Structure formats: C-alpha cells, structure tokens
Amino acid sequence: MQVIVDESLGLPNEVLEEAVIRKAKLKNDSSLPEMVQKHKGGVIAKKLTVAKRNKESELEEMIQLLEQYEEILYVYDSFMLDEGLLKRIRTWAYPKRKLFLLNGAENRAFTIYFLEKLKEMLFEELYYSNHHPTKKFTITNDPKYQSGYLLLKKFKHKQFHVFDSRRQTKIVSGRKQDLLEQFVHLPSAEIYIASRKPIFPDHRSVKYFELQKHSLPVCSDWTDIFIPQY
C-alpha cells in the first residue's frame, strides 16, 4: 500500500518515510513553502490563490495513481480539494483498486498518530478503529481559523480557545500555556501534540511533533491534540 500525503498539511518528515507528497496546486505554478515564506509577515491579508482542480483532471490524476499502486492511503487536506469527488472515485475504483481516505486537516496530531501506528499495526485494524469515539482537540487564538484557511497574514490575538476538532465547538478559553497544561497532565498513557510553534512539554506521556512552516492555516497560532482511547 502506498501512502500519499497532501503538502499543505505540513506533516513532519520523520513520520512520512516512504510517503509520496502531493504538491499543492497554486496559480502560476507557485510553490506553497515559498508563498508562505514570502507573504506571511505582510501588512495586507493576502490569500493563497489555489488552482482549481476540475473533475476531469482530478479523476485522471487519481486513476493514474491507482493504476500505479493499486492500493492507496490518501491523507488529504479537505480545505484544498473536493472531498465528495474523492469519495466518488473511491467507490468507482473498488474492488479492483482500493483508495482509503484520511482527512489529515481535521486533527494533525491524530494524523501523525495514525501514520506512526501504521508502522506497527495491521492497516485494517488501525483504519477501522478510526470510527470509534476519540478525543481530538485544537487550541487556537482565532475562533474562525478554518474560514481563513488560505490567508497568509498572521493575526496576533492574545486569547486562546479549546475546540472539539470534530464538531468545531468551543469548550473553554484562556491563556495558551494554561490550556496546554490541562492536557499535558491528564492521566493518559499517550498524548499526541502537533503545532508549528515549538512546544517543550515536560511530561513523559506527551509525544510532540513540530509541523513544517507551510502547514496551513498560517493565519493563526494553533495546536492539535489527540488522546488515544485504548
């Protein structure tokens, strides 16, 4: 099985190993890392100009990948493509070719957990356990960080909020460090944390991963947290 990961997720290199990175398609063939680096500190809130993927080209590209690999786990960014089209392609290709889908944008800490556990567990066991209730949270200083997903300007709001990553409901607000501390000291065997800004939790149960600088959205300070339920 081949793992394909969207570039815009900015997952750390150490968890990708043999994965194929699917580059973000921007207008004028711009590079995502270069665009983020160039405009993130700008005065005006510039927006990434994503090249529109039409159904024909998307279908053709995915079919070529399926013909090459036959079985694919596609870790995709739901804010950068047509999620419904992907699911239709999955149905159309089955059973001769298998396309498994994982929305990496929902919670990057969980996505990293999944890719790490894939090295030691059977794929089917791990993949279908994803449908069980889990604890996924996001700490962010921008309650509308998803609607500003393509914005390159960083907003420096001081107040932080904890969101349920699945339902996008706000749970509590406060200082970032105080909110992090509440998670770090939970009685859990493992806690996965992912963010662009370095965090150095002093707790043995925490597995921290620093995302790449082009991990979208760049407009806000956000941290994803996943607590496995064993």
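The values are calculated or read from the model by the stated rules, or taken from the named source; none is laboratory data. Since this is a predicted model, take the numbers as computed values, not measurements. When we count neighbours, we look across all protein chains shown, and the Cβ atoms used for this are built from the backbone with ideal geometry, even at glycine. For accessibility, only protein heavy atoms count, side chains too; no ligands or nucleic acids. Shrake-Rupley method; radii C 1.70, N 1.55, O 1.52, S 1.80 Å.
Residues that are among the acidic types (Asp, Glu) and open to solvent by less than 60 Å² (accessible area, probe 1.4 Å) within the stretch 136-185 comprise Asp142, Asp164, listed in sequence order. Residue-level check: of (1) within 20 Å of Leu115 (Cβ to Cβ); (2) outside any helix (DSSP H, G or I); (3) in contact (Cβ under 8 Å) with a residue 40 or more places away in the chain, Ile21 misses just (3). Look at the stretch 101-129: where a residue is farther than 17 Å from Phe209 by Cα and a partner is open to solvent by 20 Å² or more (accessible area, probe 1.4 Å) and small (Gly, Ala, Ser), sitting 6+ places away or on another chain with Cβ atoms under 7 Å, you get Asn103/Ser78. Among the residues of the stretch 115-135, those that are open to solvent by less than 60 Å² (accessible area, probe 1.4 Å) and within 19 Å of Ala194 (Cα to Cα) comprise Leu115, Glu116, Lys117, Leu118, Asn130, Thr134. The set of residues from the stretch 193-205 being farther than 27 Å from Lys154 by Cα and open to solvent by 20 Å² or more (accessible area, probe 1.4 Å) comprises Asp202, His203, Arg204. For the stretch 39-80, residues that are in a loop (DSSP other than H, G, I, E, B) and either more than 23 Å from the chain's Cα centre (by Cα) or without any contact (Cβ under 8 Å) to a residue 40 or more places away in the chain (or both) total 10. From the list Phe209, Phe200, Phe155, Phe183, the one residue that fits, being among the aromatic types (Phe, Trp, Tyr) and within 20 Å of Asp77 (Cα to Cα), is Phe209. Is it the case, given these coordinates, that Glu83 is free of Cβ contacts under 8 Å to residues at least 12 places away in the same chain and either open to solvent by 50 Å² or more (accessible area, probe 1.4 Å) or under 30 Å from Ser173 (Cα atoms) (or both)? When the stated conditions are applied, Glu83 does not pass them.
Contact map, the stretch 88-99: first residue open to solvent by less than 70 Å² (accessible area, probe 1.4 Å), second residue of a type in the set (D, E, K, R) and in a loop (DSSP other than H, G, I, E, B), Cβ cut-off under 7 Å, separation 6 or more or different chains; pairs are Arg97/Glu70.
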